[in-house]
Structures are given as structure tokens and as C-alpha cells.
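Student: This is the structure I want to talk about, given as C-alpha cells.
The values are calculated or read from the model by the stated rules, or taken from the named source; none is laboratory data. Keep in mind the model is a prediction, meaning the values are calculated, not measured. Reconstructed Cβ throughout: ideal geometry from the backbone, glycine too, with neighbour counts over all protein chains shown.
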Amino acid sequence: MKEKANYWLAFIFLAALTVRLVLAFSTPAFTYDSYFNLRQVDYISNNGFPQFHDELSYSGRDLRFLPLFHYFTALFDLITPDQFIPPEIIAKIIPNLLIASLVIIVYHISDKMTGSKTASLFSAGIAAFLPTLYETNSFTVEALFIPLIFLITFCFINLKEKNFVYYYIIAFLAACLTSSATFLIIVGFGIYLLLSAIEGKKLQKAEVEIILFSLFFYVWTQFLFFKEVLASEGMSFIWQNIPQQIMRWYFPQPSLLDTMLSVSIIPFLAGIYVVGRSLFKLKNTKEFLYISLVISTTILTWLRLVQFKLSITFFSIILAIFFASFYKEMVDFFKRTRIKSWKIGLPAITIILLAATMIFPALTTAKEQSMPSMDAIQAFRWFGETIPQKTTTLVQFEEGNALSYYAGKRNVMDDHFSLQKDAEQRILDISTMYITTFQTEALGLFDKYRVGYIILTPKAKSRFSVDNFHYITQECFEPIYNQEVKIYRVRCTLKEA
Amino acid sequence: MTDEPRNIIKPVFKHLARYHLFYAIITAAVVLLLPLFVIGQPLLFGSESYYNLQQAPQQPAYHLSFKVVETMSHLPLSAISIIQILAALISLTFLFKIGTTLRINAKKQSLFLLLLAVSPAFIIPFLGLSQMSIFILFSLLGFYILTKNGRWRCFSIIFFAVALTIDAVSSLFLVTLLTTYGFYKRDKNIYYFSGAIALAAITAFLLLHLPSVIGPFHQQQLSADFISDLGGYSGVSFFLVLLAIIGLFSKWKDSIEMYVLFIAAAVLYIYSPQTVLFITVITIVFAAKGFFVIFEPKWQLSSLKNFTLLLLLLGVLFSSATYEQRITELQPTATELEVLAWIESSTPKDARFFTSSEDSYYLQYFAKRETATSFQRQDLTEKHIFEAVYVQDLFPLLEQEDIRYIYLSADLRETLPQEQGLLFLLQNERFKLAHSQEGNEVWKVR
């Protein structure tokens with residue numbers, strides 16, 4: 001039975017990986033938030049250290065971030081020759097491989113919780129096709145962070161087994177050096193302790209000790225990397241200095257419908273049932289840990305202390321794990337009935353229902369990823385090859401890192417806001433530079449940010465509802481690229497010579 | 001799953017408990033002397049120091065705390081720095097003696113003293129000439145005498161009287177401390193004494209027109225002022241806050257008095273972050289308790305215990321080291337002092353200056369000039385002047401305040417926007433750059 005389950009698990013893993021890679025390679029672009037990481041991996045591959053001072057971002061600024069994911073990927077870049085496997089190919093493969101590995105982790109967690117291989121395979125199958133995980137062109141730290149978090153929880157529920165303490169410590173260390181969002185699990189542990197105290201459940205001493213260690217280790221690592229950011233921004237560090245104007249993009253008002261669509265309706269309903277049942281009836285300690293994580297994620301999302309995208313991902317994977325408990329209960333129920341065909345019928349119906357409610361949303365998510373268009377990438381590449389200077393160029397903030405990656409040019413702003421005191425002002429100024437009808441106003445801002453070139457991409461056209469800049473004149477703006485994307489050289493200045 | 005590495009904690013703490021005063025004093029001395037060595041000039045830290053020195057001669061005799069400041073004001077700043085450091089060490093010694101008299105657990109006391117010695121809320125009053133340093137020293141002197149048996153206890157009122165003339169909030173906390181002490185000792189005489197002190201405090205507040213709380217002397221933020229790692233210049237390390245939370249929720253029945261003090265300190269802190277010292281001390285008490293709750297019992301994962309302890313120690317040390325780096329900003333630089341000296345020698349004595357609230361105290365003390373700004377002002381004139389967009393908005397404000405000069409330190413100029421606001425408007429012909437040195441500027445308003 002175990003061998004058969006392993007074959008099925010391998011099949012699900014390979015299916016998930018194949019689908020993900022096919023979708024990833026269907027376009028050469030990456031999501032906008034990937035380009036920062038691509039540039040860092042490139043820098044580490046060439047210099048050995050992360051780029052904590054970036055000449056191109058905001059035309060020169062300091063950066064503070066956790067570099068493990070970048071080192072991890074740079075390692076693959078270093079050991080594979082560029083002519084055989086270019087870095088961009090590795091950047092497509094590694095994140096999808098990591099996310100696909102969730103299938104294996106979710107299977108083992110579900111198996112530990114329920115003892116049922118079949119139910120666990122269904123959980124693994126759900127994890128393989130969760131819509132919220134289908135940003136296949138994304139090269140972000142979450143690709144490493146999400147599997148690590150669930151690996152940590154798996155090690156935690158296996159603390160009694162040999163060596164799992166060490167696996168836990170290694171995984172936790174890696175998570176702390178990958179993303180500050182590790183505090184999700186710290187808060188989850190806190191709620192786990194609280195719920196256990198309320199329920200009068202006796203905890204293992206080792207669990208409490210590991211939680212204490214995790215708390216201090218997490219705080220210490222974050223303090224080590226972000227002491228300047230903490231000193232500069234204080235509690236606002238949690239919100240990463242995201243400008244108020246775009247805060248709602250990162251911390252939207254969560255709605256039940258959005259959550260159900262992101263998670264997929266059947267795992268959502270099954271998960272809610274399991275949570276409800278566990279809270280009031282059973283005292284299964286392992287489910288309590290994941291329920292605590294659900295509660296902590298919900299509270300932190302409601303308080304807008306964690307980005308919605310991350311919390312929904314976390315939430316949906318936990319619901320996938322809970323599906324195993326739900327399925328096992330269904331099996332136990334049908335065993336008690338006289339329906340003889342349930343052994344074939346139940347799995348078949350479950351597969352059909354899951355496939356129907358998950359595959360299409362997953363493919364839609366993959367299709368609707370926010371990426372630069374091929375025209376924009378082509379234009380950026382041409383711009384980089386044609387104009388050798390690292391001149392400051394106006395693009396929207398989401399395109400900032402893409403511009404720097406493809407063209408090697410300085411941007412006015414990109415999507416990393418920490419340690420930037422004028423982030424809100426820059427957002428306003430960028431909007432003005434795109435929509436103003438007054439040339440003097442535009443030129444004044446170009447002088448302020450030393451903008452030498454301005455680019456109008458399809459995304460900018462759509463965002464600002466413009467076909468072209470309103471203030472373009474022949475004497476002040478020289479068109480150097482005029483296709484779907486327009487690039488102009490700024491010739492005039494308001495400053496005295 | 002259990003492992004048995006060498007237990008290093010017990011023998012270390014046994015040694016610490018035996019010699020904890022020595023280690024606390026050495027730690028405090030290093031922490032207090034380090035910034036002076038780094039900067040190379042023994043000035044006082046913090047704008048409050050210069051406010052106190054400048055105000056002390058103008059205060060009536062019954063403001064005993066200011067009289068203490070005035071006796072020191074004739075000394076060079078370097079001498080005052082050394083006296084303050086000695087006062088810190090004496091305070092720690094008296095804390096130790098009080099703890100010994102009250103038979104507080106030596107291990108807990110040792111940890112408390114060590115943590116206090118590295119806490120910003122304790123360091124910053126003694127790196128400058130803060131009223132809080134006077135409060136700490138004289139309150140501890142008073143308590144030390146009070147803990148002695150016999151008639152000598154009544155002499156403690158002399159020292160408490162000095163501590164009562166700072167502000168109403170400090171007096172209130174002192175009364176709360178005394179009442180808690182009386183509850184702890186189950187001594188009715190202490191209650192009567194506490195009542196007498198309370199009456200004295202009310203009288204002082206009403207008759208002497210003491211402020212409800214002295215200050216503020218910096219831009220106040222509830223979170224950053226309490227947790228020094230968030231950019232504040234006082235408070236405690238975040239690691240101690242975590243330990244304190246654990247201590248707060250453990251064995252709460254053992255020390256009800258501390259919870260009463262904690263609530264009192266928390267209420268006072270929310271009322272005014274200037275009272276951060278009180279909540280910091282209570283937090284450190286709970287942090288010491290939390291430390292022993294975590295590390296005293298035997299761990300199932302012994303190696304993890306040592307590693308967690310190491311993390312904690314590194315965290316506290318790292319936090320302190322980062323803080324020591326930052327507090328060097330609380331002194332005027334050598335260039336700023338030169339510019340302030342130029343102002344004193346080259347501008348009219350009755351000239352009124354505009355600058356930031358923080359720089360205003362340096363200007364008042366070093367350049368002996370009147371300023372239109374201070375943290376005690378409740379209006380938004382300072383904000384309006386800095387953010388004025390047009391000269392039509394700016395000049396009426398300058399005229400209203402009779403401002404003839406504007407002083408902008410280099411640090412202040414870096415925080416102001418270049419393309420609008422005051423820095424932009426200084427290009428107007430009515431402003432003349434009177435003096436400039438390494439980014440520190442003095443502008444004359446014509």
C-alpha cells in the first residue's frame with residue numbers, strides 16, 4: 001500500500017511540476033516582483049555578495065533584505081554553465097520545483113495527521129493545483145519560504161522522532177534567512193500555546209522549548225539584518241514603508257468570495273468543516289497546530305499585518321492539509337453505510353469535483369500574472385543595448401526593476417520601499433509625470449529626479465488612460481523608439497545652464 | 001531526543017550572584033564611558049541637559065532638583081559628565097544595598113542590575129544631566145535610608161523632598177512605590193510615611209506650580225520610546241520586552257505588588273512617554289523573572305537551552321551596541337559648536353532665532369540666544385514655518401514671532417525637502433546667508 005501510494009505521489013509531483021513548467025515556459029517574461037530577485041542573483045553570481053547598495057534602484061539607494069533565496073538560486077546558476085542552462089531558465093525551474101515539492105510535504109503532513117495514504121494523496125493533489133500557487137512565472141522568495149514553513153511544521157509535529165529536532169532547526173534557520181514572514185509561524189505557535197492552555201492539553205516540554213528557541217532566533221536574525229530599517233521606520237517596518245496610495249494593493253479588504261475563489265470551493269468548505277469540528281469536538285493535537293496557524297493568519301490578515309497574497313497562500317495550503325481529515329471522515333461514514341460502490345465512487349467523484357473546481361482557476365491565475373508584455377521587454381532590451389549610459393529613466397514603479405534588469409538603467413522608483421523616506425512623494429510625482437498636460441511641470445520633475453529618458457509602456461497607457469504623454473514637443477523630446485512602447489529622450493531642462 | 005552537553009548556566013550564575021555588584025558597576029561604567037571615548041569630547045548628551053543647565057539659575061530656591069543642577073552648572077561640561085557617571089554607579093550600588101536589605105534573591109537581583117546597566121532608559125539620564133537622573137539618585141538614597149531600622153528612617157524625607165520637586169508624575173510614581181513597599185513589608189508606618197509624602201507632593205504641585213510632567217525634549221512616539229530598537233533613545237531592548245512578557249504571565253500570584261506598579265507605570269507612560277523610565281524598570285524586573293522561568297528548569301533539549309541563552313545574550317549585547325552607536329547623534333558636533341560660538345559672538349544679544357525644537361536647547365545654552373521654538377510649545381508654528389510653500393505664508397509667521405535669524409544644522413537640513421518649504425524659500429532676497437560651515441547655516445532675515 002505504501003509503495004503504491006509513493007508511486008501515486010511521484011505521479012502527482014511530476015504532473016504538478018510538468019504543468020507548472022509548461023505554463024512557466026509559455027512566456028519568457030517574469031512577474032514584475034521577480035526582477036529584483038533576478039538582479040540580486042545575477043549580482044551574487046558575479047560578486048559573491050548580495051547587492052546591499054543598488055546604484056540603479058531609485059537612482060542609488062541602500063537595500064536591506066534576507067539573501068538566502070538568492071544565494072540558493074545563485075548556487076545553481078554557478079554550477080550550471082550559462083551556455084547550457086541560462087540563468088533565466090534556472091529562474092523558471094527552481095521556483096516551480098520548490099512549489100511542486102509542497103506536494104510531498106503536504107502528503108507527509110496529512111499522512112501524519114490522519115494515517116490514511118489515500119486521503120493524504122488527495123491533499124497532495126489539491127496542493128498541486130491550488131490556484132493561489134499558480135504564479136508560475138514568479139521568481140520570489142515565497143517559492144522557497146512556503147515549502148520551508150510547512151517543512152518546519154512537519155518537523156514540529158515529529159519532534160519525538162529521531163533527528164527531527166535538528167531538521168527543524170535547519171529548516172527554521174533557513175526560513176528566518178529567507179523571509180521576515182516567518183513571524184506567521186511564531187504567532188501561530190503563540191496561538192497554539194494559548195489554545196492548548198485553554199483546552200487544558202498537556203504539551204510536550206520539547207515543543208515549548210523549541211517554540212522559545214524559535215522566538216528568540218527569529219527576533220535575533222531580523223534584528224541583525226534590519227536594525228537600520230527598524231531604527232528608521234519603527235513599527236512601520238511591518239508594512240515595509242509601502243506608500244499609502246498603493247497600500248490597498250498589498251493589504252486589500254479581504255472578502256469571503258475572493259478567499260473562496262483563491263482557495264477553491266471544495267477545499268475551503270472541507271477545511272471550514274474540519275476546523276469547526278476540531279475546535280468543539282476532538283482534541284487531536286496535530287490538527288490544533290494547523291488550526292492555530294489558520295487563526296494566526298486570519299488575525300494578522302484582518303489587522304493588516306501580513307500581505308493578503310501570502311496569507312491566502314498559507315491559508316489555502318492548510319485547508320489542503322485538512323482535506324485529508326475530511327476525506328477520511330467521509331470514508332469512515334461510507335463504511336458504516338450499505339452503499340457498496342463507495343470505494344470506487346467516492347474517489348472518482350472527489351477527483352472530478354476537485355479537478356472541475358481547481359484546474360480552471362489555477363490556469364486562470366497563471367494566465368493573469370502581472371508581467372511586462374513582450375513589447376515592453378523588447379523595448380527595454382533595445383534601450384539597454386542602444387543607450388550605454390546608466391541614465392535615470394521614467395517608468396512606473398512596478399516596472400522599475402524590470403527596466404534595470406533588461407536595460408541596466410536607473411529607475412525613478414521600483415517596488416522596494418524600505419529606507420526610502422520620499423516613497424509617497426515619488427509615487428505622486430511619477431503619476432504627475434505621466435498625466436500632466438504642462439510641460440514645465442513635467443520638466444521640473446525630470447530635473448528633480450534627473451530623468452534623461454521617459455518610457456510609455458502598454459501597462460502605463462492602461463493605468464493612466466493615455467496614448468501618449470500630453471506635453472511632448474519636438475524641441476524638448478526626441479522620440480528614439482516608437483512602437484507599442486514609446487521611448488523619448490528628454491532634451492530640455494528648467495535649470496539654468 | 002535528550003542530550004547532555006555541559007551545563008554552563010548554573011556555575012556562571014553562581015559566580016554572577018556572588019559578585020553581581022562588581023559586574024553591574026563594570027558594565028555600567030563601560031556602557032557610559034564608551035560614547036565619550038568614541039566622540040572624543042565629554043559633553044552632555046541630549047537637549048534636556050542643556051535645557052536644565054540654562055533654566056537652573058532662573059528657578060526659585062524651592063525647586064530643589066534645579067538647585068542640584070545649578071550647583072553643577074558652574075563646573076565644566078566634562079566634569080559634569082564624570083559626576084553623572086559616578087551618580088549612575090552610586091545609584092546601582094544603592095539598588096544593590098536595598099535589594100540585599102530586602103533579601104531579594106541574589107541571582108534575580110544580579111540579572112536585574114546587569115540588565116538595568118545596559119538599558120537605554122537608565123543610560124540616557126546619566127549620559128546627560130536629566131531630571132530623571134536626579135530623581136533616580138535621590139529616590140534611591142531615600143529608600144536606602146528608609147530600609148534601615150530605627151529613627152534614621154525619617155531622614156529619608158530630605159532626599160525624597162528633592163525627588164518631589166521635579167514634576168507631578170514622578171511624585172505620583174514615588175508615592176506608589178512607597179505604598180507598594182509598605183504593602184510588601186506589611187508596615188503601617190510606611191503607609192503613614194507614604195501618605196505624608198503624598199501630601200507633600202500635592203502641596204508642592206499646587207503651591208510651587210510644578211509641571212505635571214517635565215518635557216518633552218524630543219518628538220515622542222509610544223512604541224519607539226519604549227523599545228529602543230525601534231529608533232528611540234530610551235526604553236529597553238526588544239529581547240527584554242519578550243522576556244518581560246513571559247515573566248508577566250508566569251506565576252503572577254507571587255508578586256502582586258509588581259503588577260500594581262506595572263499598571264501604574266503603564267498608565268503614566270501612555271499619558272506621557274517622558275515617563276518611560278518607570279515602565280522600563282518594571283519591565284526589567286519582569287524580564288529577569290521571565291529569564292529564570294525559562295532557563296532555571298531543566299530542559300529536555302539541553303543543547304538548545306545553551307544555544308537559546310547565547311542568542312538572548314547576543315541579542316541584548318547587539319541591541320546595546322547598536323544603541324551606543326546611535327546616541328552619539330544626541331550631542332552637538334564640533335562644527336555645530338563652532339557655529340553656535342560664532343552666533344554668540346557675531347549676532348545681537350537680543351536676536352531671536354528660529355530652529356528645530358531639538359536644536360533650540362543647544363542654541364539657548366551655547367549661543368545664549370532666545371529661540372522661538374521648543375517642544376513645550378503646543379502650537380504648530382514650527383511646523384508651519386518649515387512647511388511654508390510661499391513667502392506670503394512664511395514672512396507673517398516670522399514677523400509674528402519676531403524672528404531675525406534662522407539656524408539650520410546640517411542634520412536638520414538633510415531632513416527638509418530641497419525643492420519646497422523653508423529651504424526653497426531661503427533663496428528669496430529677504431534672506432541672507434550670514435554664516436555657513438560644513439552644512440550648518442545661519443540665515444539673517446532682513
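Student: Select, from B:Ile124, B:Ile136, B:Ile166, the only residue that is in contact with a Ser or Thr (Cβ under 6 Å, 6 or more places away or on another chain), crowded, with 18+ Cβ neighbours inside 10 Å and in a loop (DSSP other than H, G, I, E, B).
Tutor: It is B:Ile166.
Student: With B:Ile270, B:Ile246 as the choices, which residue is within 14 Å of chain A (Cβ to nearest Cβ), modelled with pLDDT of 90 or more and part of a helix (DSSP H, G or I)?
Tutor: Going through B:Ile270, B:Ile246 in turn, just one is within 14 Å of chain A (Cβ to nearest Cβ), modelled with pLDDT of 90 or more and part of a helix (DSSP H, G or I): B:Ile246.
Student: Between A:Gly384, A:Gly408, A:Gly444, which is among the small types (Gly, Ala, Ser), out of contact with any strand residue (DSSP E or B) (no Cβ under 7 Å at 6 or more places or on another chain) and within 14 Å of chain B (Cβ to nearest Cβ)?
Tutor: The unique qualifying residue is A:Gly444.
Student: Then there is this: Write out, first by first residue and then by second, each pair whose Cβ atoms fall under 8 Å of each other, whose residues are 6+ apart or on separate chains, and whose first residue, in segment A:459-475, is under 10 Å from A:Tyr434 (Cβ atoms) while the second is of a type in the set (Asp, Glu).
Tutor: A:Ala460/A:Glu399; A:Lys461/A:Asp467
Student: Select from segment B:306-321 the residues that are under 22 Å from B:Ser250 (Cα atoms) and facing another protein chain (nearest Cβ under 7 Å) and write down the one among them that is farthest from the chain's Cα centre (by Cα).
Tutor: Going through the qualifying residues, I end up with B:Thr308.
Student: Given the conditions (1) buried (at least 19 other Cβ atoms within 10 Å of the Cβ); (2) out of contact with any helix residue (DSSP H, G or I) (no Cβ under 8 Å at 6 or more places or on another chain); (3) of a type in the set (D, E, K, R), report the number of the one that A:Asp415 does not fulfil.
Tutor: Status for A:Asp415: all satisfied but (2).
Student: Inside segment A:149-173, can you point out the residues that are within 12 Å of chain B (Cβ to nearest Cβ) and assigned to a helix (DSSP H, G or I)?
Tutor: If the condition is that a residue be within 12 Å of chain B (Cβ to nearest Cβ) and assigned to a helix (DSSP H, G or I), then A:Phe164, A:Val165, A:Tyr166, A:Tyr168, A:Ile169, A:Phe172, A:Leu173 are the ones that fit.
Student: Based on this model, can you work out whether A:Asp422 counts as under 23 Å from A:Phe380 (Cβ atoms) and of a type in the set (Asp, Glu)?
Tutor: The answer is no for A:Asp422.
Yes/no matrix, rows are residues, columns are (1) touching a residue at least 24 places away in the same chain (Cβ under 8 Å); (2) outside any helix (DSSP H, G or I); (3) touching a strand residue (DSSP E or B) at 6+ places or on another chain (Cβ under 9 Å):
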{"position": "B:Phe278", "(1), (2), (3)": "yes, no, no"}
{"position": "B:Ile282", "(1), (2), (3)": "yes, no, no"}
{"position": "B:Val285", "(1), (2), (3)": "yes, no, no"}
{"position": "B:Ala288", "(1), (2), (3)": "yes, no, no"}
{"position": "B:Ile294", "(1), (2), (3)": "yes, no, no"}
{"position": "B:Lys298", "(1), (2), (3)": "no, yes, no"}
{"position": "B:Ser303", "(1), (2), (3)": "yes, no, yes"}
{"position": "B:Leu311", "(1), (2), (3)": "no, no, no"}
{"position": "B:Leu314", "(1), (2), (3)": "no, no, no"}
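Student: Report yes if B:Pro35 is within 21 Å of B:Gln325 (Cα to Cα), modelled with pLDDT under 85 and assigned by TED's automatic domain parsing to the domain that holds B:Gly142, otherwise no.
Tutor: Here the answer is yes, as B:Pro35 does meet what is asked.
Student: Scan segment B:371-414 for residues that are surrounded by 12 or more Cβ atoms within 10 Å (Cβ to Cβ) and either within 15 Å of B:Gly439 (Cα to Cα) or not assigned by TED's automatic domain parsing to the domain that holds B:Asp359 (or both) and jot them down.
Tutor: Residues satisfying the conditions are B:Ile406, B:Tyr407, B:Leu408, B:Ser409, B:Ala410, B:Asp411, B:Leu412, B:Arg413.
Student: Between B:Leu178, B:Leu172, which is buried (at least 16 other Cβ atoms within 10 Å of the Cβ), more than 14 Å from chain A (Cβ to nearest Cβ) and within 16 Å of B:Met132 (Cα to Cα)?
Tutor: B:Leu172
Student: Among the listed residues A:Phe226, A:Phe251, A:Phe268, which satisfies the condition of being closer than 30 Å to B:Ile294 by Cβ, out of contact with any His (no Cβ under 6 Å at 6 or more places or on another chain) and surrounded by 19 or more Cβ atoms within 10 Å (Cβ to Cβ)?
Tutor: Result of the check over A:Phe226, A:Phe251, A:Phe268: A:Phe226.
Student: Something else: Can you work out which of the residues in segment A:229-258 that are at the interface with chain B (Cβ under 9 Å from one of its Cβ atoms) and not aromatic (Phe, Trp, Tyr) is nearest to B:Thr308 (Cα to Cα)?
Tutor: That would be A:Leu230.
Student: Could you check B:Ala61 against (1) modelled with pLDDT under 85; (2) within 22 Å of B:Ile214 (Cα to Cα); (3) of a type in the set (A, V, I, L, M); (4) crowded, with 16+ Cβ neighbours inside 10 Å and say which number it fails?
Tutor: All conditions are met except number (4).
Student: For segment A:174-209, give me each residue that is within 11 Å of chain B (Cβ to nearest Cβ) and in a helix (DSSP H, G or I).
Tutor: A:Ile186, A:Gly190, A:Leu193, A:Leu194, A:Ala197, A:Lys205, A:Ala206, A:Glu207, A:Val208, A:Glu209
Student: Further, regarding this structure: Can you spot a residue in segment A:155-173 that is within 22 Å of A:Phe237 (Cα to Cα) and small (Gly, Ala, Ser)?
Tutor: no
Student: May I pose another question? Report, ordered by the first and then the second residue, all pairs with beta carbons closer than 9 Å, sequence separation of six or more or different chains, a first member in segment B:407-424 that is away from chain A (no Cβ under 12 Å), and a second member that is at pLDDT below 80 and surrounded by fewer than 19 Cβ atoms within 10 Å (Cβ to Cβ).
Tutor: That search, which allows pairs on different chains as well, returns B:Asp411/B:Glu329; B:Leu423/B:Pro417.
Student: Which of the residues spanning segment A:300-358 are assigned to a loop (DSSP other than H, G, I, E, B) and surrounded by 15 or more Cβ atoms within 10 Å (Cβ to Cβ)?
Tutor: If the condition is that a residue be assigned to a loop (DSSP other than H, G, I, E, B) and surrounded by 15 or more Cβ atoms within 10 Å (Cβ to Cβ), then A:Arg304, A:Leu305, A:Val306, A:Gln307 are the ones that fit.
Student: Looking only at segment A:204-245, count how many residues are without any contact (Cβ under 8 Å) to a residue 40 or more places away in the chain, over 23 Å from B:Gln219 (Cβ atoms) and of a type in the set (Gly, Ala, Ser).
Tutor: Number satisfying all stated conditions: 0.
Student: Quick one: which helices (runs of 4 or more DSSP H) sit completely within segment B:353-446 and have at least 1 residues that are on the phi > 0 side of the Ramachandran plot?
Tutor: Qualifying helices (runs of 4 or more DSSP H): none found.
Student: Select from segment B:214-243 the residues that are in contact with an Asp or Glu (Cβ under 6 Å, 6 or more places away or on another chain) and more than 13 Å from every other protein chain (Cβ to nearest Cβ) and write down the one among them that is farthest from B:Ser360 (Cα to Cα).
Tutor: Filtering first and then ranking leaves B:Ser234.
Student: Name the residues in segment A:170-193 that are surrounded by fewer than 20 Cβ atoms within 10 Å (Cβ to Cβ) and free of Cβ contacts under 8 Å to residues at least 24 places away in the same chain, would you?
Tutor: A:Ile170, A:Leu193
Student: Further, regarding this structure: Can you pull out every residue in segment A:210-228 that is closer than 28 Å to A:Asn163 by Cβ and either part of a loop (DSSP other than H, G, I, E, B) or facing another protein chain (nearest Cβ under 9 Å) (or both)?
Tutor: A:Ile210, A:Leu212, A:Phe213, A:Leu215, A:Phe216, A:Phe217, A:Val219, A:Trp220, A:Leu224
Student: Among the residues of segment B:322-357, how many are away from every other protein chain (no Cβ under 13 Å), closer than 30 Å to A:Leu224 by Cα and not β-branched (Val, Ile, Thr)?
Tutor: 3
Student: Scanning for something farther than 18 Å from B:Gly235 by Cα and not in a helix (DSSP H, G or I), does segment B:104-114 turn up at least one residue?
Tutor: Within segment B:104-114, one or more residues are farther than 18 Å from B:Gly235 by Cα and not in a helix (DSSP H, G or I).
Student: Determine which single condition A:Ile427 fails, assuming it passes every other condition in (1) of a type outside the set (Lys, Arg); (2) within 14 Å of another protein chain (Cβ to nearest Cβ); (3) under 29 Å from A:Val229 (Cα atoms).
Tutor: (2)
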